[in-house]
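We did not get these values from a lab; they are worked out from the coordinates using the rules stated. Keep in mind the model is a prediction, meaning the values are calculated, not measured. Here the Cβ positions follow ideal geometry from the backbone for every residue, glycine too, while neighbour counts run over all protein chains shown.
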Amino acid sequence: MKAVRTHAYGKPEVLVYEDAPLPGIGSEEVLVEVHAAGVNPLDCKIREGRMKAIFDYPKPFILGLDVSGKVAAIGSAVQNFHLGQEVYGVAEVSRSGAYGEYAIAQPQKLAAKPKTLDYVQAACIPVVAMTAWQALFDVAGVSPGQTVLIHAASGGVGIFAVQLAKLKGAKVIGTASANNLEFVKELGADEVIDYKTTKFEDVVSNVDLVLDTIGGDTRERSWGVIKPNGILVSLISSLPPSQATALEKGVRAVGLVMQPNASQLTEIAALLDSGKIKTVVGKVLPLAAARQAHELIENGGTRGKIVLQVEQSST
């Protein structure tokens, strides 16, 4: 099969489009014929070696977490899936990730693809939607009437966080660049802030939740806008939020590492199929252009998700 493999950690140039062996499956695994693979900032961090403490795979390995496609083979112990079924979910980079014509997935990280979406649209969803879901509902327990500040609201996680928080009945404030402010409003945000011209801490206060997708100075400035006993949920897994600072400020702080969950994927698919939330495709590239996809992510400013479309070859 054709795949994009990583032979060494480094810049996007280490991504090589080449022939790779078709992965075999274990008894508790599913082989997915890949039709599209979503590209995440986490993919770039893994490629650079910045996540070696958590993800250090034998090389060469095939990147790619977000996957959508058809079930091509099923392990002997796998239930609830059938050959040819359209699925989406999270691939196993440790075995064979989504940047290839075939990928390995564990059944607990896979669900039926939303019926109303094509493969490219479906590949935008799993990692970012589950991250937003778990941050808002599992960790923060957002409830109607609460106020949520979402940083980088036009980014992959932000797009779903705005919609899900609004669906829950929360007041949503989003930060974004000027050219994305209207887009974030269209997603449902009650207020939008151009982070380049306005310091959010000058116009925001007393929020129940800050969703930190950026870290650094943005996180440090966020502490002061959270109400007593409110919560900061950070997605920067390489640098969890300071518990000492949280204690000093009288708030809670949690560093979230998303855990793939098939039941959440099923619930998210139902919301998408009902039209209650939507996904946003930023740019579609062929599988061979994975390097370009990584460069676009690292240059920033992309609205929505970058997706690699996979055309099956004869090999």
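Inspect all residues belonging to the stretch 74-82 and state whether any of them is over 18 Å from Q309 (Cα atoms) and free of Cβ contacts under 8 Å to residues at least 12 places away in the same chain.
Residues of the stretch 74-82 that are over 18 Å from Q309 (Cα atoms), as a first pass: 74-82.
Now drop any that are not free of Cβ contacts under 8 Å to residues at least 12 places away in the same chain, which leaves 82.
For the stretch 74-82, residues over 18 Å from Q309 (Cα atoms) and free of Cβ contacts under 8 Å to residues at least 12 places away in the same chain: present.
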I214 passes all but one of (1) of a type in the set (A, V, I, L, M); (2) under 19 Å from the mean Cα position of the chain (by Cα); (3) not in a loop (DSSP other than H, G, I, E, B); which number fails? (3)
Here are some residues: V67, V16. Which one is outside any helix (DSSP H, G or I) and either under 18 Å from the mean Cα position of the chain (by Cα) or closer than 21 Å to S238 by Cα (or both)? V67
Can you tell me which residue in the stretch 160-195 is surrounded by the fewest Cβ atoms within 10 Å (Cβ to Cβ), limited to those that are out of contact with any helix residue (DSSP H, G or I) (no Cβ under 6 Å at 6 or more places or on another chain) and aliphatic (A, V, I, L, M)? A178
Hits in the stretch 268-285 (condition: buried (at least 16 other Cβ atoms within 10 Å of the Cβ) and part of a helix (DSSP H, G or I)): I268, A269, L271, L272
Check on T213, surrounded by 16 or more Cβ atoms within 10 Å (Cβ to Cβ), touching a residue at least 60 places away in the same chain (Cβ under 8 Å), closer than 18 Å to D43 by Cβ and of a type in the set (S, T, Y): yes
The one condition K59 fails out of (1) assigned to a loop (DSSP other than H, G, I, E, B); (2) surrounded by 15 or more Cβ atoms within 10 Å (Cβ to Cβ) is (2)
Can you tell me which residue in the stretch 42-54 is nearest to the chain's Cα centre (by Cα), limited to those that are under 20 Å from I306 (Cβ atoms) and hydrophobic (A, V, I, L, M, F, W, C)? L42
Given the options E86, E33, name the one that is under 25 Å from K278 (Cβ atoms), surrounded by fewer than 24 Cβ atoms within 10 Å (Cβ to Cβ) and charged (D, E, K, R). E86
Could you go through the stretch 88-102 and let me know if any residue there is hydroxyl-bearing (S, T, Y), in a strand (DSSP E or B) and touching a helix residue (DSSP H, G or I) at 6+ places or on another chain (Cβ under 6 Å). yes
